[in-house]
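A short write-up of the structure that comes next.
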């Protein structure tokens with residue numbers, strides 16, 4: 001059995017740490033294959049390879065902190081005999097746990113590739129902010145010190 005170092009996934013900003021925990025679990029579905037990409041700071045993309053599927057056979061839903069992608073393949077009217085079947089094209093349900101403040105901004109399907117764009121939008125109340133000590137920020141204090149040093153040198 002292979003072991004993968006998923007440490008970089010734990011450092012991402014959208015809560016991929018939960019996804020990494022799921023990847024470490026033994027029961028993680030491997031179909032359909034997918035990638036999780038960092039597009040820009042706070043912007044991510046999930047790309048799934050869905051050969052043989054049509055747009056009408058796919059369903060994407062979000063509920064709270066879950067993204068659920070479902071594919072239901074329509075039955076062929078014609079009976080086929082395969083000598084080799086390498087394209088699975090079977091029904092699937094893939095779930096992704098999203099961190100707080102992560103929203104799906106769009107989805108596209110082109111040439112058998114499903115693309116889902118995600119963005120992390122942290123409300124202003126939850127963003128880090130600098131706290132002034134005695135009403136003076138560190139930047140202001142360093143500017144005052146620099147001015148005092150120039151005045152003393154003159």
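The values are calculated or read from the model by the stated rules, or taken from the named source; none is laboratory data. Not measured: the values here are computed from a predicted model. Positions of Cβ are backbone-derived with ideal geometry, glycine not excepted, and every protein chain shown enters the neighbour counts.
Below are the figures for this structure:
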item	result
Checklist (1) touching a strand residue (DSSP E or B) at 6+ places or on another chain (Cβ under 7 Å); (2) at pLDDT 85 or above applied to residue 15, failing item	(2)
Matching residues, region 54-90, being in contact with a strand residue (DSSP E or B) (Cβ under 7 Å, 6 or more places away or on another chain) and modelled with pLDDT under 90	65, 66
Pair list, Cβ < 6 Å and 6+ apart or interchain, from region 75-101 residues that are on the phi > 0 side of the Ramachandran plot and in contact (Cβ under 8 Å) with a residue 40 or more places away in the chain to residues that are exposed (fewer than 10 other Cβ atoms within 10 Å of the Cβ) and in a strand (DSSP E or B)	none
Identity of the residue in region 19-53, modelled with pLDDT of 65 or more, outside any strand (DSSP E or B) and in contact with a strand residue (DSSP E or B) (Cβ under 8 Å, 6 or more places away or on another chain), that ends up nearest to residue 99 (Cα to Cα)	42
Count of region 102-129 residues which are closer than 14 Å to residue 60 by Cα and free of Cβ contacts under 8 Å to residues at least 60 places away in the same chain	7
